[in-house]
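First up is the structure itself, then whatever we jot down about it.
The values are calculated or read from the model by the stated rules, or taken from the named source; none is laboratory data. Quick caveat, the model's predicted, so the values are computed rather than measured. Using ideal geometry, Cβ is built from the backbone for each residue, glycine included, and neighbour counts are taken over all protein chains shown. When the accessible area is computed, the model is the full protein with side chains, heavy atoms only, and any ligands, DNA or RNA have been set aside. Shrake-Rupley method; radii C 1.70, N 1.55, O 1.52, S 1.80 Å.
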Amino acid sequence: MEELSTKHLLGIKDLTPQDLELIFETADNFKEVINRPIRKVPSLRDITLANVFFENSTRTRLSFELAEKRLSADVINFSSSSSSVKKGETLLDTVNNILAMKVDMIVMRHSSPGAPHFLSQHIDANIINAGDGTHEHPTQALLDSYSMRERLGTDLAGKKVAIIGDILHSRVALSNIFALQKQGAEVMVCGPITLLPKYIAELGVKVELDVRKALEWCDIANVLRIQLERQQIKYFPSLREYSLYYGINKKMLDSLNKEIIVMHPGPINRGVELNSDVADSDQAIILDQVENGVAVRMAVLYLLASKR
Ligand code: CP
């Protein structure tokens, strides 16, 4: 049986192109499973997983939990806001106490970049990064690529993907850049200069400040949320002004001489980075991304568990 090159999923940066193909092929099988009348397989029935979330989440946490249950794993959920972290317990103590209850794998979201990498050096269990601060969100990038391939009906070699919005604070952007480049796609980032990391061009991406030019260039626009919760200073004068210069609406898309695919990882700031007339249109595959997230996460969990 083919297997992944890594024990953990800490970031897309560590994966090979072969790992990506293996995850997508495995996700195809699980997508078929979750569309059957009985949406469950016994693959992880001897595995116990903990979803350890130190940051808020709707899609990622529920999608992982559902993926684990569809694979028949035993699941426990930890949320830092209602835990003894509030009494001063450290990350490592918290996770070691969870592992003492005979947990095999950890899915973790944390606000500090590198937190899952730190854990991987101190514990034996497999770790899956469900988003570490502004660093990486590997399963989001995997489900994004899977959804692009599904809509296009082909792989992503030579395709042009524009990532538009708050690149500076986005873990989705970095994971997508790595994933897309490993599949031979061309990547552009677009946003106000204040929301683009200073050395982003060194990753081999095109940089564009004009959203209309980005839309004209791309086959797919992956639109990112303005992350106000991570912004300690003002990066643009107002949300109204951001929306005026960078918000994407149907009129802009209709003025292009082609039909591009529009994506968003969620949660959407409606009327800021994306208008409802785009978010709810047939050009947007936002809910397909969410649906595919379960199959892709089943694939990741299954492939990592089979390396145990
Ligand atoms: N896309 C994403 O990570 O959403 P959540 O923050 O709701 O998990």
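Annotations
- Residue check for S57: closer than 23 Å to E229 by Cα, open to solvent by 40 Å² or more (accessible area, probe 1.4 Å), of a type outside the set (D, E, K, R) and within 25 Å of the chain's Cα centre (by Cα): no
- When K69, K87 are screened for being closer than 25 Å to L142 by Cβ and open to solvent by 40 Å² or more (accessible area, probe 1.4 Å), only K69 passes.
- Residue in segment 180-193 that is assigned by TED's automatic domain parsing to the domain that holds I226, within 16 Å of the ligand (Cβ to nearest atom) and either surrounded by fewer than 24 Cβ atoms within 10 Å (Cβ to Cβ) or touching a residue at least 60 places away in the same chain (Cβ under 8 Å) (or both) present: no
- Checking each residue in segment 145-172 for being in contact with a strand residue (DSSP E or B) (Cβ under 7 Å, 6 or more places away or on another chain), open to solvent by less than 10 Å² (accessible area, probe 1.4 Å) and either under 20 Å from R212 (Cβ atoms) or more than 16 Å from the ligand (Cβ to nearest atom) (or both) picks out V161, A162, I163, I164, G165, I167.
- All conditions but one from (1) open to solvent by 30 Å² or more (accessible area, probe 1.4 Å); (2) away from the ligand (no atom under 16 Å from the Cβ) apply to L49; the one that does not is (1).
- Every listed requirement among (1) in contact with a Pro (Cβ under 8 Å, 6 or more places away or on another chain); (2) farther than 20 Å from I260 by Cβ; (3) not in a loop (DSSP other than H, G, I, E, B) is met by A130 save one, (1).
- Within segment 54-80, residues that are under 19 Å from K102 (Cα atoms) sit with their Cβ atoms under 6 Å from residues that are within 13 Å of the ligand (Cβ to nearest atom) and aromatic (F, W, Y), at 6+ positions apart or across chains, in these pairs: S79/F53.
- Failed criterion for N97 (all others in (1) in the same structural domain as Q121 (by TED's automatic domain parsing); (2) closer than 20 Å to L304 by Cβ; (3) open to solvent by 30 Å² or more (accessible area, probe 1.4 Å) hold): (2)
- Sub-6 Å Cβ pairs linking a first residue in segment 146-174 that is farther than 24 Å from N275 by Cβ to a second residue that is assigned to a loop (DSSP other than H, G, I, E, B) and of a type in the set (S, T, N, Q), at least 6 apart or interchain, are L156/Q183; R171/T134, ordered by first then second residue.
- Entirely in segment 193-308, the strands (runs of 3 or more DSSP E) that have 3 or more residues that are under 30 Å from L22 (Cβ atoms): 220-223, 261-263
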